[in-house]
Structure formats: structure tokens, C-alpha cells
Amino acid sequence: MNSSILIFNLSGGLTDMKKNLLSISIFCETNNYYFTIKYCSAKPQDIYFNEIIDETIKKNGYMYDFKELFDEKTFLIYKNYISYDNIKNKIYDINTFNFYSIYDVKSIFHDKLKRDYLIENHKKLIHDSTKEYEYIYMGNHFHFISSINIYKYLIDIEFHKSIIPNKKIIDALNLFLNEVKYPYNFIHYRYEKDMVDLVNTVSKFKNNLLDDILNLNFFENNNLPIYIASTDIENFYENKLTLKKIEDYNNIFYNKNKFPFFDENAFFDFMIGLKSVEVLGYSNSGFSILLNELKKTKNYYDKIL
């Protein structure tokens with residue numbers, strides 16, 4: 001096995017981070033590389049509403065210690081994994097090669113020619129770097145520069161059972177589920193500003209009210225309670241996303257105790273979605289697509305409205 005250790009971050013939304021992990025673990029196992037995970041995405045919960053973001057978060061590119069989102073048991077199942085805590089005091093500029101920066105991986109995100117070149121050559125580049133360096137910083141977005149087909153693993157429920165959230169998420173989830181009336185349905189309502197342009201250009205869905213979706217009476221059993229996975233739900237009425245205040249809907253429930261970071265809430269919602277009877281989501285959201293795939297459905301409100 002190669003003695004150098006590859007240092008990765010998990011980046012993007014929750015689904016992207018899972019894709020990162022799959023690509024990283026398969027790539028490293030296939031090529032006998034040791035690897036570790038340093039950071040993961042840390043988008044503040046109000047990122048889509050508040051332009052004034054904490055400067056320390058902004059400086060780190062919305063990243064924090066991955067253990068704030070994941071339980072490290074998730075990664076210990078991989079035989080090539082090494083805990084970052086065990087090596088962080090041994091990493092210096094002189095013994096580390098910054099693959100991510102030198103090859104400007106971030107800039108190739110939407111450049112297919114550059115991406116194809118890197119996919120074709122990154123094993124050789126890494127191999128050459130290991131002759132001189134103990135650590136190779138690989139950075140973010142690895143599933144976008146990996147030629148590995150991860151889809152069949154991504155839609156395997158056993159993989160998702162292996163992804164363990166941070167204890168604060170598990171504890172909040174267990175407390176919440178103790179008060180849930182089973183069974184229930186699940187709607188992933190996507191309206192935040194990062195989706196606005198996409199919603200208005202590629203879809204028939206034009207920022208419809210949540211009421212329009214509820215009035216579809218889409219589910220096989222429409223008498224079941226409906227969990228709403230969305231952002232800032234308490235202010236839907238003030239933001240003209242509902243016709244009445246959210247507490248006036250008899251059949252709706254949601255997580256009232258939000259975490260400070262967007263993907264912490266996404267993780268919570270994803271676990272709730274897995275336990276639901278049916279899901280209904282937005283067809284351009286990786287989160288909605290993944291939940292539908294795991295339930296072997298294709299339920300998207302923008303395809304109906």
C-alpha cells in the first residue's frame with residue numbers, strides 16, 4: 001500500500017457529501033491509498049436569507065470539522081481510513097502536496113475538458129507526488145473529478161444505514177420520533193434562493209404556494225400527517241408561501257428545533273424521510289431524488305403542477 005495519506009473534504013449538499021464519500025472510499029480502496037477526512041460543508045441555516053454570514057465561516061468556505069456533522073464510526077468501517085486527529089499535528093507545508101490548489105480543482109467544476117484531463121491523469125499525478133510527500137491535500141468535490149460510477153451504491157439503502165450523523169442529530173431525532181404519530185407522509189419543499197433561477201427556467205413549477213402542493217392530494221392516503229422538510233417554515237405565511245399561518249394547518253408537522261447549519265437539518269430531515277410512507281419532492285433537488293430512488297418512486301410536485 002502507498003504510504004502517503006490523501007486528505008479530503010466532503011463538500012456540497014448532504015447528497016453531494018455522500019457522493020464524495022463513495023468516490024473517495026472506492027478510489028482509495030481500489031488504488032491502495034490511505035485517506036482521511038478533514039472538513040465537511042457547513043452552510044449556516046440562514047445562508048439563503050441573510051447575506052451577513054459569520055466571518056470565520058466565510059473564511060473557511062463554509063467548512064467545519066466533519067465530526068460536527070458525522071459520527072466518525074461512519075468512516076472507521078473503511079480499512080484504508082485514518083483519523084485526521086491522529087495525524088493533524090504531523091502535517092506541515094514541507095511534507096504536504098496541495099493537489100487541490102495546484103491543479104485548481106475548484107475551477108474545473110464546470111469545465112468538462114479540464115475535468116476529463118484530471119480524471120485521466122490524477123492517479124499518475126498522485127503517484128508521482130507520493131514519492132516526495134507524506135500527505136496530499138485533495139480538497140473538495142472529489143466525486144466531480146472521479147471516473148468511478150457510484151450510482152448503484154448511492155441508491156443502496158445499506159450504504160445510507162452506514163452513514164451515522166453526529167450525536168446531537170441522533171439525540172434530537174430520537175426525541176422527535178418519540179412524539180411522532182405514525183405513519184406519515186413527507187414533502188420536501190424547495191423554494192430557497194439558490195433554487196429560484198433553476199425553478200423559473202427548467203420547470204413548470206413557478207414558486208407555487210405550499211398550498212398548491214397540498215391541494216394535489218397526491219398521496220395514496222391523504223389523511224396521514226405530512227412532515228414538511230423546508231427552511232424557515234415558521235415564516236411561510238409572512239413570506240407569502242402559504243395562505244395561512246403554518247400552525248393553522250391541522251395535518252402538517254415539522255422540526256421546530258432547527259440546528260444552526262443547513263446540512264445538519266438536511267441530515268435530520270433525510271432520516272425522517274426514510275421512515276415516511278411516501279415522499280413528494282422537487283425533481284432538481286439531489287435530496288428529493290435520492291429519497292425517491294431509495295423508495296423506488298418518482299414523486300415530484302414540479303412534474304405535476
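Would you mind finding the one in Glu220, Glu247, Glu238 that is within 24 Å of Lys43 (Cβ to Cβ), charged (D, E, K, R), more than 23 Å from the chain's Cα centre (by Cα) and assigned by TED's automatic domain parsing to the domain that holds Gly273?
Working: Glu220 fails: within 24 Å of Lys43 (Cβ to Cβ); Glu247 fails: within 24 Å of Lys43 (Cβ to Cβ).
After ruling out the rest, the residue left standing is Glu238.
Just for the stretch 127-180: of the residues that are under 18 Å from Phe70 (Cβ atoms) and among the hydroxyl-bearing types (Ser, Thr, Tyr), which one is surrounded by the most Cβ atoms within 10 Å (Cβ to Cβ)?
Tyr153
Residue-by-condition table, conditions (1) among the basic types (Lys, Arg); (2) touching a Leu at 6+ places or on another chain (Cβ under 9 Å); (3) within 18 Å of Tyr133 (Cβ to Cβ); (4) not in a helix (DSSP H, G or I):
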{"site": "Phe75", "(1), (2), (3), (4)": "no, yes, no, no"}
{"site": "Asp85", "(1), (2), (3), (4)": "no, no, no, no"}
{"site": "Asn89", "(1), (2), (3), (4)": "no, no, yes, no"}
{"site": "Ile94", "(1), (2), (3), (4)": "no, no, yes, no"}
{"site": "Ser101", "(1), (2), (3), (4)": "no, no, yes, no"}
{"site": "Lys106", "(1), (2), (3), (4)": "yes, no, no, no"}
{"site": "Leu113", "(1), (2), (3), (4)": "no, no, no, no"}
{"site": "Asp116", "(1), (2), (3), (4)": "no, no, no, no"}
{"site": "Glu120", "(1), (2), (3), (4)": "no, no, no, no"}
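Of these, Ile187, Ile169, Ile164, which one is in contact with a helix residue (DSSP H, G or I) (Cβ under 9 Å, 6 or more places away or on another chain), at pLDDT 95 or above and closer than 30 Å to Leu305 by Cβ?
Ile187
Which of the residues spanning the stretch 160-183 are acidic (Asp, Glu) and either assigned to a helix (DSSP H, G or I) or in the same structural domain as Cys40 (by TED's automatic domain parsing) (or both)? Lay out the reasoning, then the answer.
From the stretch 160-183, those acidic (Asp, Glu) are 171, 179; that's our starting set.
Within the stretch 160-183, Asp171 is the sole residue that qualifies.
Looking at the stretch 275-293, which of the residues that are among the hydrophobic types (A, V, I, L, M, F, W, C) and in contact with a strand residue (DSSP E or B) (Cβ under 9 Å, 6 or more places away or on another chain) is farthest from Lys181 (Cα to Cα)?
Our first condition is that a residue be among the hydrophobic types (A, V, I, L, M, F, W, C); within the stretch 275-293, this holds for 277, 279-280, 287, 289-291.
The next check asks that each one be in contact with a strand residue (DSSP E or B) (Cβ under 9 Å, 6 or more places away or on another chain); those that pass are 277, 279-280, 287, 289, 291.
Numbers: Val277: 12, Val279: 16, Leu280: 19, Phe287: 24, Ile289: 25, Leu291: 21 Å.
Selected residue: Ile289.
I'm trying to understand the selection: among the residues of the stretch 265-286, which are in contact with an Asp or Glu (Cβ under 8 Å, 6 or more places away or on another chain) and assigned to a helix (DSSP H, G or I)?
Matches in the stretch 265-286: Gly286 only.
Kindly provide the set of residues from the stretch 42-82 that are among the aliphatic types (A, V, I, L, M) and either modelled with pLDDT of 90 or more or closer than 16 Å to Ser11 by Cβ (or both), ordered by number.
Scanning the stretch 42-82 gives Ala42, Ile47, Ile57, Met63, Leu69, Leu76, Ile77, Ile82.
Between residues in the stretch 263-274 that are over 12 Å from Phe186 (Cβ atoms) and residues that are part of a helix (DSSP H, G or I) and acidic (Asp, Glu), which pairs lie under 9 Å by C-beta distance while being six or more apart or on different chains?
Glu264/Glu68
The values are calculated or read from the model by the stated rules, or taken from the named source; none is laboratory data. Since we're looking at a predicted model, the values are computed, not measured. Reconstructed Cβ throughout: ideal geometry from the backbone, glycine too, with neighbour counts over all protein chains shown.
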